[in-house]
Amino acid sequence: MTDVTHTTTAETYTIPVGPLHVALEEPMYFKIDVRGETIANVDINAGHVHRGIEYLTTKRTIYQNVILTERICSLCSNSHPETFAMAAEQIAGLEVPERALYLRVIAGEIKRIASNLFNIAILAHLVGYETLFMHVMEVREVAQDIKESVFGNRMDLGAVCIGGVRYDLDDETTAYLSGALDKLVPEIDEIIATYRTNGSILGRTRGIGILKREDALACGVVGPVARASGIDYDVRMVAPYAAYDRLPMVVHTLTDGDVWSRAMIRLAEARTAIELIRACLRDLPGGPTHLHDRPDIPRGQAVAKCEAPRGELIYYLKTNDNPEPERVKWRVPTFMNWDALRYMLADQKIADIAIIVNSIDPCVSCTER
Amino acid sequence: MTRVPEDLESRLAAVAPGGIDYSEAADVHGTKVVWVALADKDALLPVATVLHELGARLSMTCASQPPAPEEEEAEEPAEGEEAKADEGPRASFGGTVLDGTSYELAYHFDLDGDTVTVIAHVSQGGEIDSLTPLFRTADWSEREMMELYALTVRSHPDPRRLFIDPTIDAAVFERLIPFSTLVNAASTKGLWEKILNKKGGAA
């Protein structure tokens with residue numbers, strides 16, 4: 001009889017995870033070298049949902065690109081047109097009305113709540129805690145209802161335009177929004193308490209998939225992944241845009257850099273997002289929501305960035321005398337965070353691959369465009 | 001609190017003997033945006049070294065092919081004026097001819113919220129140094145530049161395709177790709193013919 005223990009632990013095997021895999025939400029191919037059950041090395045093979053959107057942007061007018069960029073990704077869909085619009089506004093020297101700046105924050109933070117809760121729910125699913133998964137998804141549904149009621153869509157809000165926003169809040173919508181936020185607060189607090197204390201969650205996430213601060217800096221990770229490894233960087237704080245400089249912004253950081261820390265940062269940021277929206281509703285100035293003319297965007301170039309739910313999203317826009325941009329380039333947070341998986345997965349167990357991959361809240365459609 | 005040091009221009013100029021074209025602006029919150037065009041593309045690595053020492057993070061890179069000025073193309077050559085021929089197509093800072101084929105490479109660095117964009121020009125099919133010895137984050141970005149354009153990144157540790165399948169022709173951004181081809185559905189008929197051919201005959 002073959003000594004199974006001996007043959008499986010002494011040699012290194014390569015196993016494929018993905019591109020289509022039950023535990024991955026989107027297609028990505030990981031070639032993983034394992035020794036026994038332990039991961040020795042990881043190679044990442046991307047490109048399964050590459051759609052050439054960057055090429056397409058140069059065939060659309062700058063105004064059409066507001067629509068196109070919103071369709072790059074669903075979970076952070078609002079961040080794309082917002083940052084693209086910020087770049088175009090910089091080139092044209094447009095001053096966005098004050099009320100629109102607050103309304104942009106509201107749209108962005110609602111998306112953040114929904115996006116972060118989605119990731120937290122998937123974590124529960126991967127842990128095998130299905131009731132918690134369904135519960136978090138149910139709470140997230142409140143955020144989905146807000147999006148559907150306020151913007152008319154559950155994912156692509158269509159909230160941003162160059163020079164302002166395309167929606168407004170009246171008294172009735174504001175009252176509904178405040179009520180929905182009031183509903184969310186105790187629910188999110190309860191989820192935070194569960195993630196802090198539940199044995200199943202802690203057992204599968206504490207000390208798993210660690211990204212040390214120095215490795216996080218080397219990989220240039222952004223967003224909750226960076227902040228969970230002790231990097232105090234949030235675009236809303238270091239390079240404020242919209243109305244963030246006037247709002248009670250709090251940057252949450254933790255130092256352990258494990259799966260659990262990344263989840264807790266996302267929960268804390270969902271909670272902070274509610275406070276930011278409340279502050280916006282309280283301080284919302286009057287006036288127009290957008291500029292009433294649609295100026296040509298002159299020749300120029302600009303860089304704009306915002307803090308999407310997954311971290312820093314940066315846009316580079318170069319225009320010439322044509323209505324179509326000469327070049328549009330963007331780099332999404334997940335693009336930076338993939339590389340960190342090599343550190344997170346090193347010496348971890350095969351069984352934890354899906355949990356660790358999910359902990360960067362990966363967005364493949366965003367990464368590949 | 002400002003993260004771009006006061007003397008950034010002189011520090012960068014000191015390591016780029018060919019010259020730099022430096023401009024700086026700040027928004028209402030004081031966040032700075034700096035543009036640095038390099039006269040010589042080989043100054044990229046020394047300039048990036050200065051930024052690395054300042055604690056910068058390579059945030060994004062972007063390659064593009066700036067189009068040639070339209071009015072010059074429209075001009076008919078029969079005029080035979082020396083002055084016209086002397087002007088030639090517009091050139092970049094540093095003298096790279098902008099005839100629609102050369103590359104403009106923009107490297108966006110983050111200095112704790114401020115952005116420094118370093119721009120280098122490379123002729124078509126040319127080479128540029130890899131920034132991977134300084135910035136791990138340059139790896140994927142440079143692979144992406146290489147698969148989109150006929151550009152070579154010198155000393156890249158892993159110059160494989162990043163997103164685009166190796167079976168697809170190189171330099172996709174240098175060709176016009178019909179939308180139907182882009183989405184792999186040239187026509188219903190074409191798609192079926194492709195499948196049937198692969199199966200080796202009619203259905």
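Before moving on, here are some points about what is shown:
- Inter-centroid distance (Cα atoms) of the range A:195-242 relative to the range A:35-53, Å: 21 Å
- Relative contact order, percent, the range B:8-166 [alpha-carbon distance under 8 Å, six or more residues apart]: 24 percent
- At 0.890 mPa s and 25 °C, Stokes diffusion of the range A:234-291 via Kirkwood alpha-carbon radius, µm² per second: 187 µm²/s
- Counting other Cβ atoms within 10 Å as a rough exposure proxy, the listed residues A:K111, B:K32, A:K329 run B:K32, A:K329, A:K111 from fewest neighbours to most.
- Mean separation of Cα contacts under 8 Å (6+ apart) over length of chain A, as relative contact order %: 25 percent
- Estimated distance in nm for a label pair at B:T101 and B:A170, the labels positioned 7 Å out from Cα along Cα-to-Cβ: 1.5 nm
- Taking 15 Å as the cut-off, no amide N atom of the range A:43-70 comes nearer than this to a point 7 Å along the Cα-to-beta-carbon line of B:A68.
- Ranked by how many other Cβ atoms sit within 10 Å of their own Cβ, fewest first, the residues B:S92, A:S261, B:S155, A:S115 fall in the order B:S155, B:S92, A:S261, A:S115.
- Neighbour-count ranking [beta-carbon atoms within 10 angstrom, fewest first] of B:F93, B:F109: B:F93, B:F109
- Compactness of the protein assembly as shown was expressed as the Cα radius of gyration divided by 2.2 N^0.38 Å, which yields 1.01.
- For the listed residue pairs A:K147/B:K32; A:K111/A:K305; A:K111/A:K183; A:K59/B:K199; A:K31/B:K199; A:K212/A:K349, the alpha carbons are over 28 angstrom apart in A:K147/B:K32; A:K59/B:K199; A:K31/B:K199.
- Diffusion coefficient (Stokes-Einstein, Kirkwood radius over C-alpha pairs, 25 °C, 0.890 mPa s) for the range B:8-166: 145 µm²/s, rounded to a whole number.
- The mean number of Cβ atoms from other chains found within 10 Å of a Cβ in peptide A:214-221 is 3, as a whole number.
- Distance from the range A:336-359 to the range A:99-115 (C-alpha centre basis), Å: 30 Å
- Rel. contact order, % - alpha carbon contacts under 8 angstrom, at least six apart, the range A:242-326: 19 percent
- Three-way shape call for the range A:61-348 based on the alpha-carbon gyration tensor, with the a/c threshold at 1.5: oblate
- Range of Cα positions in the range A:173-218 per principal axis (Å), largest first: 45, 30, 9
- Averaged over B:51-64, number of beta-carbon atoms from partner chains that fall within 10 Å: 4
- What the Cβ-Cβ distance of B:T49 and A:D168 gives, at R0 = 30 Å and to the nearest 0.05, is a FRET efficiency of 0.05.
- Helix-only mean residue ellipticity at 222 nm for the protein assembly as shown, each DSSP H run of n ≥ 4 adding -39500 (n - 2.57), per residue, nearest 500: -12500 deg cm²/dmol
Laboratory data are not the source of any read-out in this text; all were calculated from the coordinates shown. The shown structure was predicted, so the numbers you read here are calculated from the model rather than taken from an experiment. Positions of Cβ are backbone-derived with ideal geometry, glycine not excepted, and every protein chain shown enters the neighbour counts.
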